[in-house]
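The structure appears right after this line, and notes come after that.
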Amino acid sequence: MVFPLSMHIGKPAKPVVKRNDLVLAGQVIAEADGFISANVISSCSGKVKAVEKRRTISGALLDCIVIENDGLFTEVEGIGQERDVSKLTNAEIVQAVKDAGIVGLGGAGFPTNVKLMPKNPDAIRFVIANGAECEPYLTCNDRLMQENASEILDGLEIMLRLFPNAEGVVGIEKNKPEAIRTMQKAAEGRERIRILPLKTKYPQGGEHNLIQVVTGADYPVTMLPADVGCIVSNVGTIYAVNRAVRFSEPLFKHVMTLTGEAVAEPCNLIVRDGTIVREILEANGGLKEGVELKKVLAGGPMMGFALGSLDVPVVKTTNGLTMLSEDGFENAGKQQTACLRCGRCTSVCPTGLLPELMAEAAELKDYERYEKKLYGLECVQCGSCSFICPARRPLTETFKRVKAEIMAAKRAKQAGGAK
Amino acid sequence: MNEKLHISSGPHVRSGWTTQKIMFTVVLALLPATVVGVIVNGWKALFVILASVAAAVLSEALFDLVTKRPPTWKDGSAVVTGLMLALTLSADTPAHIAAIGAVFAIIVVKCAFGGLGKNFINPALAARCFLLISFPGSMTKFLVDGVSAPTPIAELAAGKAVNITSMFLGTSNGIIGSSIICLLIGGLFLWALDIIKGQIWISVLVGFILFLGIFGGQGFDPKFLAAHLCGGGVVLGAFFMATDYCTSPVSRLGHTIYGGMIGIMGALFRVFGTAADSFSYSIIIANLFVPLIDHFIISKPYAFRKHAEKVRNGETKKPLSKRIPRPVVVLTATALIAGLALSGVYMLTKDRIEAEKAAKEMEAYRTVVPGAETFEKLAAVEEFKGEVYGTSFGRVYINEAVAGKDDAGNTVGYAVSVTSSEGYDGDLTLSIGIGMDGAITSISFTELHETPGKGMLAGEPLFMDQFKGRNVTSFKLLKDGGSTKENEIDGVSGATITSKAAVNAVNAALDFYHKSIAGGGR
């Protein structure tokens, strides 16, 4: 089992174990280092083999703690014992979340305890549980809501305690009628919570879009949800909060979707962090017969990250593994034509940008126009424009690159100014 | 297990629509109109279509070959251009002219400016206008049973009643793609598939109807509006030409402004200018404004629009501009301003125009009745005023008849002013001078706006001087020339409609002279 020290956004955690140490499942093996950082928890019992650089999902070589699994999964004592949440103080709740190493499971991996401590908790009007899937193909949220409805709502109620003026809203896309029904039933009698069925579309699970639906307000990407009085958390995260606060169970396993045309048996799994992708695939029926595996994605087909190898560990934020036998990107290269100016990209952009003009500005290297006039940095990189483009232009790909270039230039300028 | 995994940034899947698929869907949408065009016009229409499409595709393939660019002819856009061009042509266009047009559309308008997505005006329409200027004779020839006949839109411009049902079905005289019902089916099909933008075609039609209704002089009379909507390529233009991707703006507001411009200009040309072909020009002119529209109308991301900020600040009441969609406001305002400005100018200049018209008339009288100093109006005209004169001269009106007197007050000759509404492009008015012996002294046009180089030649001496000195009761038009007899007139070649209208007008004047002046006992 391989545990990267950086499963989250922010500073990598500091290892607190060394080679040949014996660890238990649920034990903290690396501690949060700094404000925006998170604990890393072992998901198995066994012996620490090494603390070394290993290939991770992003393809980068990162510091990881490698543990030889003894196969017993002996857990740290006290896990699973229910405690009376009503007796906990707000500070104790946040501390419990922090200790459990909980980060946003929607994909970004932002430490949840930090999210739960906005500058002005009274100004928070909505705590939104994101039950819309991040992407097509993924169904882990759906599954979790069907099976653990009341536990998710318990978690949401715990979070609501921190925000006295907030209403709890669970957003669920309408293509999950079963989840909506179960959640609605579980929400009966919970005064501060309402279930909000959402239109099924991509990217509905994006923080921006969800807040837009709930509050009616759009906001620029430079503003945080808290600035518009919202806290958004994935249902998986909220479930983890409940497990952590009520049952003292740290986050070391989570629900994940294994899917894609190349997979023999698409399914939702509870996966322990640190498990190697290849093992997950092989333990669940492997690939379909006669199918060529072309692409493996951590996440879904739109924003998912393409893996270079199957021998990398899943982490807290891995909400899905999508295995494709057709590579849309490769096909796009073959079908590419000049831009037709058909305007499909404009009509699908969830942010209201003009991708057509942005691509033109990017091609001309007119970054001034790109940023100031076309608001190019507002792009959320959802991939919709590239998906829809009949001319198969690499739009999202270009915007990612341009954003990186502009940000790099800004940092360089700042660094230069500081000298 | 294959371990050679592909790595790329997302998205990793793509929609089913490709450039080629879109282009062939457009072809499919044009198919009903094409089929009806061929059925109504016969095989000659099919030749025009095939020539145009083949020339378009071949020239694009050849251009890519010569310029060593990757072959683009397969993407289907050349087929669309060729087909659209053919649909805007008369079935009597010689196939080689259609082919020349298609080559012009592809090579000059499209490829020379960078190919697909880079041309600044609609290639098919540009080619149509190019052909109109280069081959006016062939381009404006609409034959019915082998005889040149006016199209409904020409008749409409002349104020005549038209058969709206046959225009709607596409069975009337006109371009190949004139079946409104088929074009509507195709257009709405594309709209349903989200291939063309509703903002464009709707604002084209709304702008057109609004302007025509307010300033067309007949109010929102459904018959009048329907006739105008069904004629002159409005539907073909609104659904298939105006919605051309690369010659229309990027933003939604831009679409509305652009569409409104086309509709309003199209109606404006109908009301104040000449009718035929004007819709093509209004689209091309609007095409030229697209870069300007795109420069100024750049929509902000949702979060930066005023409305979003207000909602963030807790204001819940929707602003007025949100309740009435902004495009509607813009469109109505533009139509009103343009119309009011024009009618204002028209009012201001109306008196002067009238005065100038009278002066022109007087001058014409002086030309056609030599030696006359003063003119005395003859009352005999009154009973014919405002009504079609006779039965055998077409839509001809006697405006005025005068007796020319010399210094001594002796009558030296007569002049009759006649208007025929059967010109190719609207009315033509001429004064006919008749001597005391009944022979024509000369004729002079006071109103003539026909096709340059064709119908306009009727105003040249070559045609007009034929009438001089002839003393007959009526003239006969030989449209192919070769006149030998006193009562035969050679028509202007390529302008049969104009020549016929002129000869009819002269005949009406002669008839009036013999019946009401010479024989009428006055």
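Condition check: of a type in the set (G, A, S) and within 30 Å of A:A100 (Cβ to Cβ). Does A:G299 satisfy that?
Numbers: of a type in the set (G, A, S): yes; within 30 Å of A:A100 (Cβ to Cβ): yes.
The answer is yes for A:G299.
Counting just the residues of region B:444-454 that are within 15 Å of B:K500 (Cβ to Cβ) and under 16 Å from the mean Cα position of the chain (by Cα), which one comes out surrounded by the most Cβ atoms within 10 Å (Cβ to Cβ)?
It comes out as B:E450.
Name every residue in region B:280-292 that is under 20 Å from B:T332 (Cα atoms) and buried (at least 20 other Cβ atoms within 10 Å of the Cβ), in order of residue number.
B:S282, B:I283, B:A286, B:V290
Got at least one residue in region B:103-114 being within 10 Å of chain A (Cβ to nearest Cβ) and out of contact with any helix residue (DSSP H, G or I) (no Cβ under 9 Å at 6 or more places or on another chain)?
Filtering region B:103-114 down to residues within 10 Å of chain A (Cβ to nearest Cβ) leaves B:114.
Retained after the next criterion (residues that are out of contact with any helix residue (DSSP H, G or I) (no Cβ under 9 Å at 6 or more places or on another chain)): B:114.
Yes: one or more hits.
Please report, ordered by residue number, the helices (runs of 4 or more DSSP H) entirely within region B:158-219 with at least 3 residues that are closer than 14 Å to B:T243 by Cα.
Working: elements: B:164-169, B:180-192, B:198-215.
Qualifying helices (runs of 4 or more DSSP H): B:180-192, B:198-215.
Output the number of the condition that B:Y258 fails; it satisfies all remaining conditions of (1) under 22 Å from B:G339 (Cβ atoms); (2) out of contact with any Gly (no Cβ under 9 Å at 6 or more places or on another chain); (3) away from chain A (no Cβ under 14 Å); (4) part of a helix (DSSP H, G or I).
Looking at each condition in turn, B:Y258 falls short on (3).
Suppose we keep only residues that are assigned to a helix (DSSP H, G or I) and closer than 21 Å to B:L184 by Cβ within region B:238-247. Which one would you say is farthest from the other protein chains (Cβ to nearest Cβ)?
Initially, region B:238-247 is screened for residues assigned to a helix (DSSP H, G or I), giving B:238-241, B:245-247.
After this cut, where a residue has to be closer than 21 Å to B:L184 by Cβ as well, the list is B:238-241, B:245.
Values: B:A238: 17, B:F239: 16, B:F240: 14, B:M241: 15, B:Y245: 5 Å.
Restricting to residues being assigned to a helix (DSSP H, G or I) and closer than 21 Å to B:L184 by Cβ, the top hit is B:A238.
What about A:R341, is it within 7 Å of chain B (Cβ to nearest Cβ), basic (K, R) and either in contact with a Phe, Trp or Tyr (Cβ under 8 Å, 6 or more places away or on another chain) or free of Cβ contacts under 8 Å to residues at least 12 places away in the same chain (or both)? Show your work before the answer.
Details: within 7 Å of chain B (Cβ to nearest Cβ): yes; basic (K, R): yes; either in contact with a Phe, Trp or Tyr (Cβ under 8 Å, 6 or more places away or on another chain) or free of Cβ contacts under 8 Å to residues at least 12 places away in the same chain (or both): yes.
Yes; evaluated as a whole, the condition is true for this residue.
Could you please find all residues in region A:295-307 being touching a strand residue (DSSP E or B) at 6+ places or on another chain (Cβ under 6 Å) and at the interface with chain B (Cβ under 7 Å from one of its Cβ atoms)?
Passing the criteria: A:K295, A:V296, A:L297, A:P301, A:G304, A:A306, A:L307.
Condition check ((1) within 14 Å of another protein chain (Cβ to nearest Cβ); (2) within 28 Å of A:E378 (Cβ to Cβ); (3) touching a residue at least 24 places away in the same chain (Cβ under 8 Å)) across all residues:
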site: A:P164; (1), (2), (3): no, no, yes
site: A:V169; (1), (2), (3): no, yes, yes
site: A:Q204; (1), (2), (3): no, yes, yes
site: A:Y219; (1), (2), (3): yes, yes, no
site: A:V235; (1), (2), (3): no, yes, yes
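Being within 10 Å of chain B (Cβ to nearest Cβ), within 24 Å of B:I297 (Cα to Cα), surrounded by fewer than 23 Cβ atoms within 10 Å (Cβ to Cβ) and hydrophobic (A, V, I, L, M, F, W, C), is that true of even one residue in region A:386-401?
The answer is yes, given that some residue of region A:386-401 is within 10 Å of chain B (Cβ to nearest Cβ), within 24 Å of B:I297 (Cα to Cα), surrounded by fewer than 23 Cβ atoms within 10 Å (Cβ to Cβ) and hydrophobic (A, V, I, L, M, F, W, C).
Any idea how many residues of region A:51-75 are in a loop (DSSP other than H, G, I, E, B), farther than 14 Å from A:V312 by Cβ and either touching a strand residue (DSSP E or B) at 6+ places or on another chain (Cβ under 7 Å) or not hydrophobic (A, V, I, L, M, F, W, C) (or both)? Spell out how you get there, then give the answer.
Our first condition is that a residue be in a loop (DSSP other than H, G, I, E, B); within region A:51-75, this holds for A:56-60, A:70-74.
Filter again for farther than 14 Å from A:V312 by Cβ, leaving A:70-74.
Now narrow it down to the ones that are either touching a strand residue (DSSP E or B) at 6+ places or on another chain (Cβ under 7 Å) or not hydrophobic (A, V, I, L, M, F, W, C) (or both): A:70-71, A:73-74.
Looking only at that region, the number is 4.
Over 19 Å from B:F113 (Cβ atoms) and either free of Cβ contacts under 8 Å to residues at least 24 places away in the same chain or in contact with a strand residue (DSSP E or B) (Cβ under 9 Å, 6 or more places away or on another chain) (or both): does that describe B:L87? Can you show your working first?
Numbers: over 19 Å from B:F113 (Cβ atoms): yes; either free of Cβ contacts under 8 Å to residues at least 24 places away in the same chain or in contact with a strand residue (DSSP E or B) (Cβ under 9 Å, 6 or more places away or on another chain) (or both): yes.
Here the answer is yes, as B:L87 does meet what is asked.
Of the conditions (1) over 18 Å from B:I285 (Cα atoms); (2) within 14 Å of chain A (Cβ to nearest Cβ); (3) in a helix (DSSP H, G or I), B:I97 satisfies every one except a single condition; which number is it?
(2)
Which condition breaks for A:C339 when tested against (1) in a strand (DSSP E or B); (2) farther than 16 Å from B:I7 by Cα?
(1)
Collect the residues in region A:308-336 that are in a helix (DSSP H, G or I) and either at the interface with another protein chain (Cβ under 8 Å from one of its Cβ atoms) or buried (at least 23 other Cβ atoms within 10 Å of the Cβ) (or both), keeping them in residue-number order. Walk me through how you get there before you give the answer.
Let us first name the residues in region A:308-336 that are in a helix (DSSP H, G or I), namely A:328-335.
Those that are in a helix (DSSP H, G or I) and either at the interface with another protein chain (Cβ under 8 Å from one of its Cβ atoms) or buried (at least 23 other Cβ atoms within 10 Å of the Cβ) (or both): A:G328, A:F329, A:E330, A:N331, A:A332, A:Q335.
Quick check on region A:262-294: of everything there that is closer than 26 Å to A:I67 by Cβ and among the basic types (K, R), which residue is farthest from the chain's Cα centre (by Cα)?
Applying the filter and picking the extreme gives A:R278.
For region A:363-376, check the following and say yes or no: at least one residue is out of contact with any Pro (no Cβ under 6 Å at 6 or more places or on another chain), surrounded by fewer than 22 Cβ atoms within 10 Å (Cβ to Cβ), of a type in the set (A, V, I, L, M) and part of a helix (DSSP H, G or I). Explain how you work it out, then say what you get.
Of the residues in region A:363-376, the ones out of contact with any Pro (no Cβ under 6 Å at 6 or more places or on another chain) are A:363-374, A:376.
Imposing the further condition that a residue be surrounded by fewer than 22 Cβ atoms within 10 Å (Cβ to Cβ) reduces the set to A:363-369, A:371-373.
Pick out the ones that are also of a type in the set (A, V, I, L, M) and you get A:364.
From what is left, the residues that are part of a helix (DSSP H, G or I) are none.
The answer is no, given that none of the residues of region A:363-376 is out of contact with any Pro (no Cβ under 6 Å at 6 or more places or on another chain), surrounded by fewer than 22 Cβ atoms within 10 Å (Cβ to Cβ), of a type in the set (A, V, I, L, M) and part of a helix (DSSP H, G or I).
Can you find even one residue in region A:372-392 that is under 18 Å from A:A306 (Cβ atoms) and β-branched (V, I, T)?
No, there is no match, as no residue in region A:372-392 is under 18 Å from A:A306 (Cβ atoms) and β-branched (V, I, T).
Looking at B:T256, B:T247, B:T243, which is the one that is in contact (Cβ under 8 Å) with a residue 60 or more places away in the chain and either of a type in the set (F, W, Y) or out of contact with any Pro (no Cβ under 8 Å at 6 or more places or on another chain) (or both)?
The conditions single out B:T247.
Going by what's in this entry, would A:L354 be described as touching a Gly at 6+ places or on another chain (Cβ under 8 Å) and either within 12 Å of chain B (Cβ to nearest Cβ) or farther than 30 Å from A:I280 by Cα (or both)?
So A:L354 fails the test.
Suppose we filter B:V250, B:V290, B:V235 for residues that are modelled with pLDDT of 85 or more, assigned to a loop (DSSP other than H, G, I, E, B) and among the hydrophobic types (A, V, I, L, M, F, W, C); which single one remains?
Only one candidate qualifies: B:V250.
Give region A:364-381 a look and list any residue that's of a type outside the set (D, E), more than 8 Å from chain B (Cβ to nearest Cβ) and more than 11 Å from A:K403 (Cα to Cα), or say none.
A:L364, A:K365, A:R369, A:K372
Restricting to region A:179-195, count the residues that are hydrophobic (A, V, I, L, M, F, W, C) and either surrounded by fewer than 16 Cβ atoms within 10 Å (Cβ to Cβ) or within 14 Å of chain B (Cβ to nearest Cβ) (or both).
Let us first name the residues in region A:179-195 that are hydrophobic (A, V, I, L, M, F, W, C), namely A:179-180, A:183, A:186-187, A:193, A:195.
Imposing the further condition that a residue be either surrounded by fewer than 16 Cβ atoms within 10 Å (Cβ to Cβ) or within 14 Å of chain B (Cβ to nearest Cβ) (or both) reduces the set to none.
Result for region A:179-195: 0.
Which of the residues belonging to region B:31-66 are surrounded by fewer than 20 Cβ atoms within 10 Å (Cβ to Cβ), touching a residue at least 40 places away in the same chain (Cβ under 8 Å) and β-branched (V, I, T)?
Answer for region B:31-66, where residues must be surrounded by fewer than 20 Cβ atoms within 10 Å (Cβ to Cβ), touching a residue at least 40 places away in the same chain (Cβ under 8 Å) and β-branched (V, I, T): B:V35, B:V38, B:V40.
Could you run through region A:252-299 and say how many residues are surrounded by fewer than 23 Cβ atoms within 10 Å (Cβ to Cβ), hydroxyl-bearing (S, T, Y) and assigned to a strand (DSSP E or B)?
The qualifying residues number 0.
The values are calculated or read from the model by the stated rules, or taken from the named source; none is laboratory data. Quick caveat: nothing in here was measured; it's all calculated off a predicted structure. Don't worry about glycine lacking a Cβ; one is built from the backbone with ideal geometry, like all the others, and counts go over all protein chains shown.
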